[in-house]
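Please read the structure below before turning to the comments.
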Amino acid sequence: MLALNVILRYSINRFKKSLMVLILVWSCLLMLSIHNAYAVTYMQDNSYVYQTLFSVRPSYIDSGVVTNTGAVIVFSDDGRIFYSSNGINFTLSNTSNLGKIHAPIYGGVGSNGNTIIFGEYILNTGICRLIRSTDGGATWNVVLTLNNPGDIRHWHCVQYDPYNSKWYATSGDENSQVQWWTSSDNGATWAKMLNASGSQVYRCLNLIFTPDGHVWWGSDSNPPTAGVYYASLSDMSKYTMVYTSPHAMWGIAGSPSGTLIAINYVEAGNQDNNAYILTSIDGGKTWKTEVTWPINVQVSATGGFNTIRGPDSNGVYYVGVKNVVQYLENTVYGLELIPKSNNPVIPPAPGKYTVSDNAIFTYGQVYANVRAQKNDVIYLDYGDSLIYGKLQGSVTPSPSPSPSPNSGLSVNISLVPGWNLISVPLNVTDSSVQRLFPSDMLSGIVDVWGWNESTQSWMYYSPNPDPWFASNFPALKQVEAGRAYWVEMNKSASFAITGTVPSTAPASPVSLAPSWNFVGTTGLSSSTPEALYPSNVVDVWAWNESTQSWMYYSPNPDPWFASNFPAFNSINTGHGYWVELPS
């Protein structure tokens, strides 16, 4: 355990700030030019530049998703699906094998690499299908068919959990129609979760997954089951309710280790005619009301906050609004939730909603429906047109018009203050360590550590080298696909790794040596220790950033390690791992 002790000693002696979850998302930075009259700045803080991509007359866009590979898929309300590999040129998907298609609601479509899965949302009697594409949206096939009303009414949520490499789908609305389904083979086959079905508690529109195997959701039901919950995915019957809501919860966002955001929606029959945005900064223990928006029941019996997306690279969230305005001149489609630390300049809020004095966000207005959002890009539905927006000041490489499945891919990695254990999942053009990180984030890097398997020793790099480290450790000059690295930061940052998928994917091209190896998976898909490493592997160690503790795997577990370290069984893209082979 020498290697573990060495790095633990360094981590203790250096910055001791708590590590947050290493979030892995794929970059979708696109370059576009404004060329349409609709291309105006919709956001109050003028942070985005916009252009119209195409019109879908006489229809409009119901929902959409920006995938991990940078593809964009949007669904129109007349059953058409459009896809783009670069976010610029959209093509009508081939759905001739599907018959009539019902578009998903905002949380009803998820992605994992080139795999996209959505659940149909219908209100009348018929079939409700889970439909999957494995080629970025070009073609689609049905993977599960249920009936309305016999099985479910419609699909609510389809999401991929990157921590355990499984898909989850939820449905509504009556007790027997509230069901959770899961897939462990990338959506090819599905199994019903009997311990997360049959109760209004589990009726939900989106999910938050955590690295420790838990899931958070807001119950889309009426009181007394309306509220925010969490449970272990290993036993969903043992849930905890952390907030009781006067209305159905239509979405949650954020992180239990940071800021949680919950939104609710006034449905017919509720005595409280106010819709709320709520926040918690202590892991759901206490909640406070950020925004109160009265519903004019003379105009509409229902209304409130119906979608939430984000955050973008500025930490801004976007909340959708429906049927909550009293006069046409005050019509808005949504709100920006802008951290006050951004120091935004925002006009006073309209008189139709109020923001609490101790709110942690500042609120701007969005004059179009946010249909898809990821990192630095946002897609808005403005009536019958799809609007693209790019965060001003973000890096914008020119997109390839038709990238092949294994080229021109980008992985966006977020770093937090303290230690970050990452790996390089792609072959990069320039492998010098200083070129791996953008110049504007070098000031935040304390040091980077690589491991030499042949000598079983550390290599060191820093933009501002520590004299003792520089004198006692060989310089780390190059990075390699499939290798792992410790990156110590003094502030948060994110960067994109762009390149091609190694031919060995998902395995590392690094030859494993007897004793300790510091490696990660390659490509876009997660894997397992059994699939990647030899059967005689001694053990594999993963780092849990949220708890700052090690996790342990071994085909022949050491009793003491197994008793003192939590187990894991997923090798995730972008994460680093210690792999020990017999000496």
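Counting every C-alpha pair in region 182-260, the share spaced more than 20 angstrom apart comes to 32%. Pairs over the 30 Å Cα-Cα cut-off, from the set K166/K491; K322/K491; K100/K390; K166/K288; K374/K491: K166/K491; K322/K491; K100/K390; K166/K288.
For region 409-581, the dipole from Cβ point charges (+1 on Lys and Arg, -1 on Asp and Glu) about the Cα centre works out to 280 debye, to the nearest 20. Relative to one another, the C-alpha centroids of region 149-188 and region 249-289 are positioned 23 Å apart. Panel note: the C-alpha atoms of region 409-581, placed on their principal axes, show extents of 44, 35, 31 Å (largest first). Where does the charge balance sit around A191 when Lys and Arg score +1, Asp and Glu -1, over other residues with C-beta under 11 Å from its C-beta? So the surrounding residues net to +1.
Provide the net charge surrounding D173, with neighbours chosen by a C-beta distance below 15 Å and charges set as Lys +1, Arg +1, Asp -1, Glu -1.
Computed value for this residue: -3.
The alpha carbon centroids of region 189-248 and region 118-138 are separated by 22 Å. Counting Lys and Arg as +1 and Asp and Glu as -1 over every other residue whose Cβ lies under 14 Å from the Cβ of P509, the net charge comes to -1. For region 514-583, the share of alpha carbon pairs falling in successive 10 Å distance bins from zero is 20, 56, 23, 1 percent. Relative contact order, whole percent, for region 409-581 stands at 28, derived from Cα pairs under 8 Å and 6 or more residues apart.
Here, each number is a calculation from the coordinates, and none is a lab measurement. Computed from a predicted model, the values in this text were never measured in an experiment. Cβ: placed from backbone, ideal geometry, glycine included. Neighbour counts: every protein chain shown.
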